[in-house]
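The values are calculated or read from the model by the stated rules, or taken from the named source; none is laboratory data. Everything quoted here is computed from the prediction, not taken from an experiment. Note: ideal-geometry Cβ built from the backbone for every residue, glycine included; neighbour counts use all protein chains shown.
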Amino acid sequence: MKTIDRKQNQITFSAEIDESLANAIRRYVDEIPIIAIDDVEISMNDSPLYDETIAHRMGLIPLKMDKKAGGKDEPIKLVAKKEGAVYSEDLDGKIKPVYGNIPITVLKKGQEIEILGTIRTGKGNEHVKFSPGLMFYRNLMKVKVDKDCPKEIANACPRGLLNSDGGKITVVDENKCDMCEECIEACRKAGKKSIELTPTGELVITVESFGQISEEEIFKRAIENLTEDLKEVSKKISK
């Protein structure tokens, strides 16, 4: 495995792994237990948004996975009377939101909102609000460029993969290739077959976290859960 890029809440790396296994790990991202606001009791809502809309927005707010906060069915409140936007930072409880600037609704002068929510643990295969993040992948390609490749072909790549230097086309970074084949199409229109894309057998995998747990933890836990289920299947088959 080799790290290609790292951003806030996102990591991209290459790995020699079968697509079927990568897809299984991707599916098991939604088998990781995550907390979210599951039920809400709205006693006051003068805002312009329907109760259902506000409940939906609150459910999708990522919450910090704080083990010290308590057990299941943890309460969280939202009480606001101030004119202006109501944000996730206005939620009051032992468990805090990952991001405080997520808008929930807007209040005018004299309006107020009062909500009591319940935080529970669930999995992404039940509802997206329990999902910790995303995982996606693509094939890592070997890009071969012939000497007769027209220099204008470099502009055809939307990801800036190709560079024209002194009339010669060079590959800047093969990791950027997402197999859109715009360069091949441009060559075809020019009557050339100067570029060839060949799978290397490796995958470029990206794991993105919504903030509840790190992207590394998402990948690790997905593999652990998949391994446990495979062990269980193996036991039942051997009986």
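Which of the numbered conditions does D66 fail, given that it passes all the others? Conditions: (1) crowded, with 17+ Cβ neighbours inside 10 Å; (2) more than 15 Å from K129 (Cα to Cα); (3) at pLDDT below 95.
With (1) crowded, with 17+ Cβ neighbours inside 10 Å; (2) more than 15 Å from K129 (Cα to Cα); (3) at pLDDT below 95 applied to D66, the lone miss is (1).
Any residue at all in the range 137-146 that is in a loop (DSSP other than H, G, I, E, B) and farther than 30 Å from K67 by Cα?
From the range 137-146, those in a loop (DSSP other than H, G, I, E, B) are 146; that's our starting set.
Imposing the further condition that a residue be farther than 30 Å from K67 by Cα reduces the set to 146.
Yes, the conditions are met somewhere in the range 137-146.
Output yes when any residue across the range 219-235 is surrounded by fewer than 14 Cβ atoms within 10 Å (Cβ to Cβ), touching a strand residue (DSSP E or B) at 6+ places or on another chain (Cβ under 7 Å) and either modelled with pLDDT under 85 or not assigned by TED's automatic domain parsing to the domain that holds K123 (or both), and no when none is.
The answer is no, given that none of the residues of the range 219-235 is surrounded by fewer than 14 Cβ atoms within 10 Å (Cβ to Cβ), touching a strand residue (DSSP E or B) at 6+ places or on another chain (Cβ under 7 Å) and either modelled with pLDDT under 85 or not assigned by TED's automatic domain parsing to the domain that holds K123 (or both).
Give all pairs with beta carbons closer than 9 Å in which a residue from the range 188-204 that is on the phi > 0 side of the Ramachandran plot meets a residue that is modelled with pLDDT of 80 or more and of a type outside the set (S, T, Y); count only pairs at least 6 apart in sequence or on separate chains.
G201/E16; G201/N139; G201/L140
Conditions first: (1) in a strand (DSSP E or B); (2) surrounded by fewer than 19 Cβ atoms within 10 Å (Cβ to Cβ). I169 passes all but one, so which condition is the exception?
Failed condition: (2).
Residue check, E114 against (1) assigned to a strand (DSSP E or B); (2) more than 30 Å from D30 (Cα to Cα); (3) under 32 Å from the mean Cα position of the chain (by Cα); (4) not assigned by TED's automatic domain parsing to the domain that holds E74, all met but one. Which one?
(4)
Looking only at the range 172-216, how many residues end up being under 20 Å from E19 (Cβ atoms), over 27 Å from the mean Cα position of the chain (by Cα) and part of a helix (DSSP H, G or I)?
Qualifying residue count, the range 172-216: 0.
Between I184, I169, I213, which is without any contact (Cβ under 8 Å) to a residue 24 or more places away in the chain, in contact with a strand residue (DSSP E or B) (Cβ under 9 Å, 6 or more places away or on another chain) and at negative phi?
Only one candidate passes the filter, namely I184.
Taking only the range 1-57 into account, find how many residues are touching a helix residue (DSSP H, G or I) at 6+ places or on another chain (Cβ under 9 Å) and among the small types (G, A, S).
Here the count works out to 5.
Could you check, for the range 4-17, whether at least one of its residues is more than 22 Å from S131 (Cβ to Cβ), surrounded by fewer than 12 Cβ atoms within 10 Å (Cβ to Cβ) and either of a type in the set (F, W, Y) or touching a residue at least 60 places away in the same chain (Cβ under 8 Å) (or both)?
Yes, the range 4-17 contains at least one residue that is more than 22 Å from S131 (Cβ to Cβ), surrounded by fewer than 12 Cβ atoms within 10 Å (Cβ to Cβ) and either of a type in the set (F, W, Y) or touching a residue at least 60 places away in the same chain (Cβ under 8 Å) (or both).
Quick one: is G93 over 19 Å from the mean Cα position of the chain (by Cα), modelled with pLDDT of 95 or more and small (G, A, S)?
The answer is no for G93.
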